[in-house]
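Handing you a structure now.
The values are calculated or read from the model by the stated rules, or taken from the named source; none is laboratory data. Just so it is clear, the model here is predicted, and its values are computed rather than measured. Cβ atoms come from the backbone with ideal geometry, glycine included; neighbour counts cover every protein chain shown.
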Amino acid sequence: MKKNRLYGVGSLLGRKREVTISDAVDLIESLGIGSVRDVICCNEVLYNPERVNPEGAQYFHELYTQLAQRGAEVISANVTWFLPDGTATHEQVPTPDKTPGSAYLEFLETLRITWRTLAAEFPEVTHWEMGNEMNHTLPVPVGWTPVNGMEEYTLRQKADITTDMCYYAHKGIKEGNPDAITIFPGTAPVDGIDGPSTTKYLTRIYENIHSGSFGSTDTNDFFNAMAWHPYWPFTCPDESWVEENNTLYRIMCEHGDGEKRVYLTEAGFRDNRIEEADREQAPWIPIMYNLVEKHMPYAETLHYYWLFNHGPFDPYGLMNEPSEGYTVKAKGVAYQKMTGGTGDLNRFAGKGSNPEEGE
């Protein structure tokens, strides 16, 4: 039975070698989750843009199939790509030069083929997010390092590169699975949800499309749905939070995309592994979802970041890490109560981790 897709969660990410698929899916079902945003790296499942690695792909097939069987929608975000020399990266892009025969045009064609192969290999994925937070620190020039003196791409250049990448990724996905929904790479709230790093970036992308210089003037040839990451990591969402989200939606409306659905593919509250902070933040979860449901009708899903804590840098999770015994946090209890989910969230407590599971 399909569940409410508004109630989403981020995937296992770095916990894939620690959590059995069946345990993870059981917990997701008990939490009442209706949509799961997984993160995949193309080089985990492909040898090259055209050739699938069956062993690497098996884990994801099993995960996505079991999630679908439990009524959860699957959104997969591929966050890496291949360069023309065969190197896999999550950050570097050749200099955006569209002269015939350029490394940049070769890269874009490689990107199209990669996405075509992914979409054809995973028909169980109904939605593909075509990257992640491209307005933030990524992408950077090929060969860039913090100490070599090269400059990072400007926000405007990132917007131009993102426009190109969406066009070629969307084309590849539709070639591999015409029924799949393509989602814009979720933006990072670098200087606020509606800060210049997001608003100027999105506006530039729409201007690029309308110019006709990026392959089409139809936004549907670039993405079927929009995404952004409305983090307020240390503050309870309120009307101001809603207004910041609405600012981005108004940009969509101004450019003729008001009918497109929005996927809020990351949002959460950072407790720094402090139990008191976790308990304080737990009530914020139903408040946040209630605000979305009542005041943001354009939003299709909100994916809480993450199912589990993820190392020392991402203590946002609904559950403690498997290495910490699979125990539920106050946030997880609040989430389950909000959705009406059922089942003991501590039933795997003390089980430990399975380092042989997955990749």
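Looking at Ala119, is it modelled with pLDDT of 95 or more, in contact with a helix residue (DSSP H, G or I) (Cβ under 6 Å, 6 or more places away or on another chain) and farther than 21 Å from Ala180 by Cα?
Working: modelled with pLDDT of 95 or more: yes; in contact with a helix residue (DSSP H, G or I) (Cβ under 6 Å, 6 or more places away or on another chain): yes; farther than 21 Å from Ala180 by Cα: no.
No: the conditions fail for Ala119.
Condition (residue is touching a helix residue (DSSP H, G or I) at 6+ places or on another chain (Cβ under 6 Å), under 20 Å from Leu12 (Cβ atoms) and at pLDDT 95 or above) applied to segment 284-304: is it met by at least one residue?
Yes, some residue in segment 284-304 is touching a helix residue (DSSP H, G or I) at 6+ places or on another chain (Cβ under 6 Å), under 20 Å from Leu12 (Cβ atoms) and at pLDDT 95 or above.
Additional query: Which residues, taken from segment 100-146, are in a helix (DSSP H, G or I) and among the hydrophobic types (A, V, I, L, M, F, W, C)? Steps first, answer last, please.
Filtering segment 100-146 down to residues in a helix (DSSP H, G or I) leaves 103-121.
Listed by number, the residues that qualify are Ala103, Leu105, Phe107, Leu108, Leu111, Ile113, Trp115, Leu118, Ala119, Ala120.
Can you tell me which residue is surrounded by the most Cβ atoms within 10 Å (Cβ to Cβ) among those in segment 279-296 that are farther than 11 Å from Tyr335 by Cβ and among the β-branched types (Val, Ile, Thr)?
Val292
For segment 182-222, give me each residue that is within 26 Å of Ser240 (Cβ to Cβ), of a type in the set (A, V, I, L, M, F, W, C) and out of contact with any Asp or Glu (no Cβ under 6 Å at 6 or more places or on another chain).
Phe184, Val190, Leu202, Ile205
Just to be sure before I move on: is Gly86 within 26 Å of Tyr289 (Cα to Cα) and either modelled with pLDDT under 95 or in contact with a strand residue (DSSP E or B) (Cβ under 7 Å, 6 or more places away or on another chain) (or both) in the structure I sent?
Details: within 26 Å of Tyr289 (Cα to Cα): no; either modelled with pLDDT under 95 or in contact with a strand residue (DSSP E or B) (Cβ under 7 Å, 6 or more places away or on another chain) (or both): yes.
No, not satisfied.
Which pairs do you get when a residue that is at positive phi, found in segment 300-325, comes within reach of a residue that is of a type outside the set (D, E, K, R) and surrounded by 24 or more Cβ atoms within 10 Å (Cβ to Cβ), reach meaning Cβ atoms under 6 angstrom, with the pair 6+ apart or on two chains?
From residues that are at positive phi, there are no pairs.
Just give me the residues in segment 296-344 being in a loop (DSSP other than H, G, I, E, B), of a type in the set (Ser, Thr, Tyr) and over 19 Å from Asp23 (Cβ atoms), in sequence order. Don't jump to the end; show me each part of the working.
Initial filter on segment 296-344 (in a loop (DSSP other than H, G, I, E, B)): 296-298, 305-307, 309, 311-313, 315-318, 320-321, 325-327, 329, 340-344.
Okay, now just the ones that are also of a type in the set (Ser, Thr, Tyr), so 298, 305, 316, 326-327, 342.
Across segment 296-344, the qualifying residues are Tyr298, Tyr305, Tyr316.
Okay, next question. Does segment 14-33 contain at least one residue that is without any contact (Cβ under 8 Å) to a residue 24 or more places away in the chain and not hydroxyl-bearing (Ser, Thr, Tyr)?
At the first step, the residues of segment 14-33 found to be without any contact (Cβ under 8 Å) to a residue 24 or more places away in the chain are none.
No: zero hits.
Filter segment 77-90 down to the residues that are more than 19 Å from Arg51 (Cβ to Cβ) and not in a loop (DSSP other than H, G, I, E, B) and list them by number.
Within segment 77-90, the subset more than 19 Å from Arg51 (Cβ to Cβ) is 77, 79, 90.
Within segment 77-90, just Ala77 meets the criteria.
Taking segment 1-31 only, how many residues are crowded, with 19+ Cβ neighbours inside 10 Å, closer than 13 Å to Phe308 by Cα and at pLDDT 90 or above?
Number of matching residues: 7.
Let me ask another. Consider Leu138 carefully, then state whether it is within 21 Å of Phe223 (Cα to Cα), under 19 Å from the mean Cα position of the chain (by Cα) and crowded, with 16+ Cβ neighbours inside 10 Å.
Working: within 21 Å of Phe223 (Cα to Cα): yes; under 19 Å from the mean Cα position of the chain (by Cα): yes; crowded, with 16+ Cβ neighbours inside 10 Å: yes.
So Leu138 fits the description; yes.
Among the residues of segment 197-234, which ones are without any contact (Cβ under 8 Å) to a residue 40 or more places away in the chain and surrounded by fewer than 19 Cβ atoms within 10 Å (Cβ to Cβ)? Explain how you work it out, then say what you get.
Taking segment 197-234 and keeping what is without any contact (Cβ under 8 Å) to a residue 40 or more places away in the chain, we get 207, 211-213, 217-218, 220, 232, 234.
Answer for segment 197-234, where residues must be without any contact (Cβ under 8 Å) to a residue 40 or more places away in the chain and surrounded by fewer than 19 Cβ atoms within 10 Å (Cβ to Cβ): Glu207, Ser211, Gly212, Ser213, Thr217, Asp218, Asn220, Phe234.
Inside segment 80-104, can you point out the residues that are among the aliphatic types (A, V, I, L, M) and surrounded by fewer than 19 Cβ atoms within 10 Å (Cβ to Cβ)?
Just the residues of segment 80-104 that are among the aliphatic types (A, V, I, L, M), to begin with: 83, 88, 93, 103.
Selection gives Leu83, Ala88, Ala103.
Looking at Glu129, Glu124, Glu151, Glu133, which is the one that is surrounded by fewer than 21 Cβ atoms within 10 Å (Cβ to Cβ) and out of contact with any His (no Cβ under 8 Å at 6 or more places or on another chain)?
Working: Glu129 fails: surrounded by fewer than 21 Cβ atoms within 10 Å (Cβ to Cβ); Glu124 fails: out of contact with any His (no Cβ under 8 Å at 6 or more places or on another chain); Glu133 fails: out of contact with any His (no Cβ under 8 Å at 6 or more places or on another chain).
Step by step, each of Glu129, Glu124, Glu151, Glu133 is checked, and only Glu151 is surrounded by fewer than 21 Cβ atoms within 10 Å (Cβ to Cβ) and out of contact with any His (no Cβ under 8 Å at 6 or more places or on another chain).
Still on this structure, I have one more. Would segment 336-351 turn up any residue that is free of Cβ contacts under 8 Å to residues at least 12 places away in the same chain, closer than 29 Å to Asn245 by Cβ and not acidic (Asp, Glu)?
No, segment 336-351 contains no residue that is free of Cβ contacts under 8 Å to residues at least 12 places away in the same chain, closer than 29 Å to Asn245 by Cβ and not acidic (Asp, Glu).
Could you list, ordered by first residue, the pairs with Cβ atoms under 8 Å in which the first is in segment 150-176 and more than 13 Å from Lys200 (Cβ to Cβ) and touching a residue at least 24 places away in the same chain (Cβ under 8 Å) and the second is surrounded by fewer than 17 Cβ atoms within 10 Å (Cβ to Cβ) and of a type in the set (Asp, Glu), at least 6 apart or interchain?
Tyr168/Glu109
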